[in-house]
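Visitor: Sharing a structure below in structure tokens format, with a few things to ask.
The values are calculated or read from the model by the stated rules, or taken from the named source; none is laboratory data. Treat the numbers as computed from the prediction; the structure is a model and nothing was measured. We place every Cβ from the backbone using ideal geometry, glycine too, and count neighbours over all the protein chains shown.
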């Protein structure tokens, strides 16, 4: 039975619980955050401090234009794993490499009639690569990026490359998925943060929104920009450090003409690790874990306990 997707409200509750677990009472509130019922928001949550009611609005740090194509590529990779990995233990087992990561051409999808023959050609070619690993100078070193598949027409038809990673087999399935590659704008994550800030500032500065918020008798209105797995999975794969992104976001906010719309603004990013993968790759448990909180406005500071690159 398929699991139901979490709702937007459920996701926001999870995000806020995550922030508070790592950075308790990050806003200085004296009561728990309460979700504002549908139809009565914004804000998304309210709490109180010594001055009165705090309103908190959330927005995700995510580039939707990147997310669509990335989801298409993810679907492609899932199809390849569905074709190649079932009963992998019964197929050829390499001795000289521990991983093979195929990449599909463009937006290519494998036709049903080609699935089984493609699988057969993939295992046959991988066996050939394995047998020639020591003899072929191209295989010297720890990896081999193959882009030509002479004698294997379906590999040529569907794959732009297969990346073989050398080393002793680890006992788990040796067929993986190649992540997104190619050229990218390293400052796209910064622009994504700026766009998230700008969209909320523009929306909440309107007369209509201000009148609605006034009815909640707020002592202050705050903004939390949050990121997590979706950013990692579907947006630009690398860029400035989180400290640089935070600092540039704070500089953008401080010069925005609508900056007084929110009393305080934060940038939160959270990512857990896959320790089973860390073990396979030789990394210690917890490697890659991110819990990052920076206040962008009215003054810039990184919260103690923040971890991340």
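Visitor: Criterion first (touching a strand residue (DSSP E or B) at 6+ places or on another chain (Cβ under 6 Å) and at pLDDT below 90) does residue 99 satisfy it? Give the steps one after another, and end with the answer.
Guide: Numbers: touching a strand residue (DSSP E or B) at 6+ places or on another chain (Cβ under 6 Å): yes; at pLDDT below 90: yes.
When the stated conditions are applied, residue 99 passes them.
Visitor: Select from the range 239-268 the residues that are out of contact with any strand residue (DSSP E or B) (no Cβ under 7 Å at 6 or more places or on another chain) and either on the phi > 0 side of the Ramachandran plot or part of a helix (DSSP H, G or I) (or both) and list them in ascending order. Break it down into steps so the answer makes sense when it comes.
Guide: Quick first cut of the range 239-268, residues out of contact with any strand residue (DSSP E or B) (no Cβ under 7 Å at 6 or more places or on another chain) only: 239-241, 244-245, 247-248, 251-252, 255-258, 260-261.
Those that are out of contact with any strand residue (DSSP E or B) (no Cβ under 7 Å at 6 or more places or on another chain) and either on the phi > 0 side of the Ramachandran plot or part of a helix (DSSP H, G or I) (or both): 239, 244, 245, 247, 248, 251, 252, 260, 261.
Visitor: For residues that are on the phi < 0 side of the Ramachandran plot and over 26 Å from the mean Cα position of the chain (by Cα), tally how many sit in the range 147-168.
Guide: Residues meeting the conditions: 13.
Visitor: Anything in the range 192-225 that is part of a loop (DSSP other than H, G, I, E, B) and free of Cβ contacts under 8 Å to residues at least 24 places away in the same chain? List them, or say none.
Guide: Our first condition is that a residue be part of a loop (DSSP other than H, G, I, E, B); within the range 192-225, this holds for 205-206, 215-217.
Scanning the range 192-225 gives 206, 215.
Visitor: Now for a different question. Looking at the range 288-307, which of its residues are surrounded by fewer than 15 Cβ atoms within 10 Å (Cβ to Cβ), farther than 12 Å from residue 254 by Cα and either over 19 Å from the mean Cα position of the chain (by Cα) or not assigned by TED's automatic domain parsing to the domain that holds residue 56 (or both)? Even if it seems obvious, please write down each step before you answer.
Guide: Let us first name the residues in the range 288-307 that are surrounded by fewer than 15 Cβ atoms within 10 Å (Cβ to Cβ), namely 289, 298-299, 301, 304-305, 307.
Narrowing the set further to residues that are farther than 12 Å from residue 254 by Cα leaves 289, 301, 304-305, 307.
Residues satisfying the conditions are 301, 304, 305, 307.
Visitor: What residue, among those in the range 210-229 that are surrounded by fewer than 15 Cβ atoms within 10 Å (Cβ to Cβ) and over 13 Å from residue 263 (Cα atoms), is modelled with the highest pLDDT? Before you say what the answer is, go through the steps one by one.
Guide: From the range 210-229, those surrounded by fewer than 15 Cβ atoms within 10 Å (Cβ to Cβ) are 210-211, 214-215, 217, 219, 229; that's our starting set.
From what is left, the residues that are over 13 Å from residue 263 (Cα atoms) are 210-211, 214-215, 217, 229.
On the way: 210: 85, 211: 85, 214: 82, 215: 84, 217: 89, 229: 65.
Step by step, filter the range 210-229, then rank; the result is 217.
Visitor: Continuing with the same structure: Looking at (1) at pLDDT below 90; (2) over 21 Å from residue 27 (Cβ atoms); (3) within 28 Å of the chain's Cα centre (by Cα), can you tell me which one residue 198 breaks?
Guide: Result: residue 198 fails condition (1) only.
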